[in-house]
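These notes are about the structure you will find just below.
Nothing in this text is a laboratory measurement; each read-out follows from the coordinates by a stated rule. These figures come from a predicted structure and were not determined experimentally. Heads up, the Cβs are rebuilt from the backbone with ideal geometry, glycines too, and the neighbour counts pull from every protein chain shown.
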Amino acid sequence: MSEDSSKEREVMMVMRKVLTQIIKDTTPPNRAMKHPLNPSTIEDIRNCLGLISARERELADAAGIPREKPYFVDEQKSAEVVSINTLKSPKKTDS
């Protein structure tokens, strides 16, 4: 990954985090309350997040980084890592 694309990926990540934090900070605690942002602003934020994630995906694909996907904490793992130190060598039998 080049220095430019690495920096761009970092910028995209920070922008995504800032926008999501703004959403968290401005979302009213109750659905009955009116949202302080205009509906057009909310839609613009959604569009920005979509563009950011698309660009992050492009940069990751160009760098050969596998797709990152969210997972649940209680989700069963598809593979289990085993330490080589826990493996025992077969016992030799005397013939």
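Could you pull out the trypsin sites (Lys or Arg not before Pro) across the range 1-63 that fall in loop regions by DSSP (anything but H, G, I, E, B) with no more than 12 other Cβ atoms inside 10 Å?
Sparse-neighbourhood loop trypsin sites (Lys or Arg not before Pro): Arg31, Lys34.
Where the only charges are on Cβ atoms (+1 Lys, Arg; -1 Asp, Glu), what is the dipole of the chain about its Cα centre, to the nearest 20 debye?
360
If I take R0 = 22 Å and measure r between the Cβ atoms of Tyr71 and Lys24 in this structure, what FRET efficiency does the formula 1/(1 + (r/R0)^6) give, to the nearest 0.05? Let's see the in-between values first.
On the way: r = 21 Å, r/R0 = 0.97.
Computed FRET efficiency for Tyr71 and Lys24 comes out at 0.55.
Between helix 3-26 and the chain, what is the angle of the helix's C-alpha long axis to the longest principal axis, kept within 0 to 90° and rounded to the nearest 10?
Computed tilt is about 60 degrees.
In the chain, which GluC sites (Glu not before Pro) fall in coil by DSSP and have 14 or fewer other Cβ atoms within 10 Å?
Here the GluC sites (Glu not before Pro) that fit, given the DSSP loop and packing criteria, are Glu68, Glu75, Glu80.
Which entry in [x] 12.2; [y] 6.9; [z] 5.5 matches mean projected area of the Cα convex hull in nm² derived from the coordinates of this structure?
[x]
Quote to one decimal, in nm, the extra length available between Leu37 and Leu51 on full extension: 0.36 nm per residue of separation minus the C-alpha distance between them.
3.0 nm
So for Met12, Met33, fewest C-beta neighbours within 10 Å to most, what's the order? Intermediate results must be reported in sequence, preceding the final value.
On the way: Met12 19, Met33 9.
Ranked by crowding around the Cβ, least crowded first: Met33, Met12.
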